[in-house]
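Values in this text are rule-based calculations from the coordinates and carry no lab data. What you are looking at is a predicted structure, and each value in this text was computed from that prediction instead of being measured. All Cβ positions, glycine included, derive from the backbone under ideal geometry; neighbour counts span all protein chains shown.
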Amino acid sequence: MLTERVGRGQRAVTLPLKWSFSRVGTTTETATVNLTEPPPAQAQTPVAYDCRPR
């Protein structure tokens with residue numbers, strides 16, 4: 001779990017995405033952020049992975 005404090009009146013924050021993949025191939029997965037307060041919310045975005053053989 002990541003905790004990020006947002007100041008009063010602040011409308012945006014940058015969150016790090018820590019994700020690891022292994023092996024050759026391609027895929028598109030979904031990164032999900034769950035906000036716990038105030039009020040609870042959820043946001044999602046696709047993450048594409050493309051690793052071709054050398």
Please get the size of the charge dipole for the chain, origin at its Cα centre, with Cβ charges of +1 on Lys and Arg and -1 on Asp and Glu, quoted in debye to the nearest 20.
200 debye
Please list 3J(HN,Hα) in residue order for the stretch 44-52, calculated via the Karplus relation 6.51 cos²θ - 1.76 cosθ + 1.60 where θ = phi - 60°; whole Hz, with x for glycine and proline.
9, 8, x, 10, 9, 10, 9, 10, 9
Area projected by the alpha carbon convex hull of the chain, averaged over all directions, nm²:
4.8 nm²
